[in-house]
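Encoded as structure tokens, the structure appears first; notes follow it.
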Amino acid sequence: MALFNKSEKAYLLLADGTVLEGRSFGAKGTVIGEVVFTTGMTAYQETLTDPSYYGQIVTQTFPLIGNYGVNDEDHESTKSYVSGYIVREWCNTPSNFRSQGDINDFLVKQNIIGIHSIDTRSLTRKIREYGVMNGAITTEDVYAKKDELLEKINSYSIINAVNTVTIPSKMEYKAENPKYTVVLIDLGYKRNIRQELLKRGCNVIVVPDRTTAEEIKEINPDGIMLSNGPGDPAENVEVINNISEISKLGIPIFGICMGHQLMALAHGARTEKLKYGHRGANQPVIDLKIDKTFVTSQNHGYAVVNDSVNTDIAEVSHINANDKTCEGVRYKNIRAFTVQFHPEAHGGPLDTAYLFDEFIKLMEEK
């Protein structure tokens, strides 16, 4: 297996002034973003095309990336939303029967600036100790413009993320043997959410993030899906107000990740930013009702505050086995449940895919 390590220099500059020197791959130039890490051993293509990474510079903790190439089938969206990409080593000779190209060409095509040959273990330890921080990847002389870059880095913030990644207008997808119609509110949705619904006999109508209750009522769906998405959930005031009204329609609702957070906010709960978030495919989650632990895929930097959930209208249904943060909420007076993790995980694990079947059951009962 050949590793390509002879490209020109690139630099990672962190908000605390730390400079890590590496080599360039992907596009050239300078980019600023929030530096985060993900622990997934596979599914790097799905990571690169997950809209929830909008505005972030993603670090892969697994040391070798690119060994099975990329293809046109495994995208979670139509483009890459990461701001930058950090890996220890990348492979320029991928070997897989499904491979249609290498990761460097993909990054160039998507205009994503990458850096390799840096100590990602040391970087991850720093983020775990001090929390996520802003940073910049540059292929220019970082030392000549360090002060200027640090000023931009420290003033950077991710804003208007959901409305930036949502679709501009309604799109419809037909199942082979349709039984139900589901409205999927696009907060930055991953394609496999749609696929899981389609294969269960649901026609899927994807709508923009700010779709109102009145507009959904006109569609008259059997169920509503609130998708994942990027950024600070609390900034989406209009969407939160809409979800509050949508909840009154009596239509079954299933929320994932950002959808979970916005549903909680719409019912009086609070969210908080985590120190370094949950990103990867090995997060243990306890289902409190059956007292069973599942391994889940996750990608989020915010969480619903457990104690802020009003027990008169909802209950925390799942918690993270590591830090005990909220991983799910079930609502008592409406047909709705939400989870922080990704039951549709493309690349796995598939432990919690049964939640889609629970959503189908809610629509059957209605």
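Entry note: the chain has Rg to Rh equal to 0.98, where both radii use alpha-carbon atoms and Rh is the Kirkwood radius.
Solvent exposure of the range 181-319 amounts to 36 Å² per residue of accessible area, where only protein heavy atoms count and the probe is 1.4 Å. Protection proxy ranking for 299-307, 227-235, using the average of other Cβ atoms within 10 Å per residue and placing the highest first: 227-235, 299-307. Taking the C-alpha atoms only, the angle from helix 354-365 to the longest principal axis of the chain is near 30 degrees. Compactness of the range 301-366 was expressed as the Cα radius of gyration divided by 2.2 N^0.38 Å, which yields 1.20. Among the protein heavy atoms of the chain, carbon and sulfur supply 46% of the accessible surface, probe 1.4 Å, non-protein parts ignored. Among beta bridges from DSSP that stay inside the chain, the antiparallel ones total about 60%. Its residue count N sets the reference 2.2 N^0.38 Å, and the alpha-carbon radius of gyration of the range 115-211 equals 1.67 times that reference. Here the 3J(HN,Hα) profile of the range 113-122, calculated from phi with Karplus coefficients 6.51, -1.76 and 1.60 at θ = phi - 60°, is 7, x, 9, 10, 6, 10, 7, 5, 5, 5 Hz, Gly and Pro shown as x. Along its first, second and third principal axes, ordered by size, the range 151-258 spans 56, 27, 21 Å in Cα coordinates.
Provide the FRET efficiency to the nearest 0.05 for the LEU64-LYS28 pair, computing r from the beta carbons and using R0 = 22 Å. Between LEU64 and LYS28 the formula returns 0.45. In the context of the full set of protein chains, residues of the range 1-117 present 39 Å² of accessible surface per residue (probe radius 1.4 Å, heavy atoms only). For a paramagnetic label modelled on ASN333 (point 7 Å from Cα along Cα→Cβ), amide N atoms under 17 Å away belong, within the range 231-260, to 243-253. I need the shape label for the range 38-126. Rule: rounded when a/c is under 1.5, else prolate if a/b > b/c, else oblate, with a, b, c from the alpha carbon gyration tensor. It comes out oblate by the Cα gyration axes.
Subtracting the Cα-Cα distance from 0.36 nm times the residue separation, let me have the gained length for THR39 to SER308 in nm, one decimal.
Full-extension gain reported as 93.9 nm.
Shape analysis of the range 260-361 based on the Cα gyration tensor places the equivalent ellipsoid semi-axes at 20, 17, 12 Å, largest first.
Between GLU148 and LYS9, the contour length at 0.36 nm per residue exceeds the alpha carbon distance by 48.1 nm. Once the chain from SER99 to ARG210 is taken as fully extended at 0.36 nm per residue, the excess over their C-alpha distance is 36.2 nm. For the range 304-321, the Karplus equation 6.51 cos²θ - 1.76 cosθ + 1.60, evaluated at θ = phi - 60°, returns couplings of 6, 6, 3, 5, 8, 6, 5, 5, 6, 10, 7, 9, 5, 9, 9, 10, 6, 5 Hz by residue, with Gly and Pro reported as x. Read phi for every residue in the range 328-342 and hand back ³J(HN,Hα) as whole Hz from Karplus 6.51 cos²θ - 1.76 cosθ + 1.60, θ = phi - 60°, with x for Gly and Pro. Each residue's phi maps through the Karplus curve to give x, 9, 10, 9, 8, 9, 9, 7, 7, 8, 9, 9, 7, 8, 10 Hz.
Approximating the spin labels as points 7 Å out from Cα along Cα→Cβ, the ASN160-to-GLU358 distance works out to 3.7 nm.
Applying a threshold of 24 Å to the alpha-carbon distances of LYS248/LYS324; LYS174/LYS361; LYS179/LYS366; LYS174/LYS217 flags LYS248/LYS324 as lying beyond it. Computed from the C-beta positions of LEU249 and LEU350, the FRET efficiency with R₀ = 35 Å rounds to 0.70. Note on the range 253-320: the C-alpha convex hull projects to 4.7 nm² when averaged across all orientations. Exceedance of the 18 Å cut-off in Cα-Cα distance is limited, within the set LYS79/LYS275; LYS199/LYS289; LYS126/LYS190; LYS9/LYS79; LYS170/LYS190, to LYS79/LYS275; LYS199/LYS289; LYS126/LYS190; LYS9/LYS79. Per the Debye formula on identical point scatterers at the alpha carbon atoms of the range 176-321, with no solvent, log10 I(q)/I(0) at q = 0.12, 0.14, 0.19 Å⁻¹ is -0.51, -0.71, -1.27. In the chain, the longest principal axis of the Cα atoms and the axis of helix 237-246 are about 30 degrees apart. The modelled label-to-label distance between LYS292 and ALA234, using points 7 Å beyond Cα along the C-beta direction, is 3.6 nm.
Indicate the gyration tensor shape class of the range 1-73 (rounded, prolate or oblate), computed on the Cα atoms with a ≥ b ≥ c the square roots of the eigenvalues: a/c under 1.5 is rounded; otherwise a/b larger than b/c is prolate and the rest oblate.
Oblate is the answer for the range 1-73, as a/c is 1.5 or above yet b/c matches or exceeds a/b.
Each of ARG121 and LYS217 was given a label point 7 Å from its Cα along the Cα-to-Cβ line. The distance between the two points is 5.9 nm.
The values are calculated or read from the model by the stated rules, or taken from the named source; none is laboratory data. Keep in mind it's a predicted model, so treat the numbers as computed, not measured. We place every Cβ from the backbone using ideal geometry, glycine too, and count neighbours over all the protein chains shown. Just so you know, the surface numbers come from the protein's heavy atoms only, side chains and all, with ligands and any DNA or RNA stripped out. Shrake-Rupley method; radii C 1.70, N 1.55, O 1.52, S 1.80 Å.
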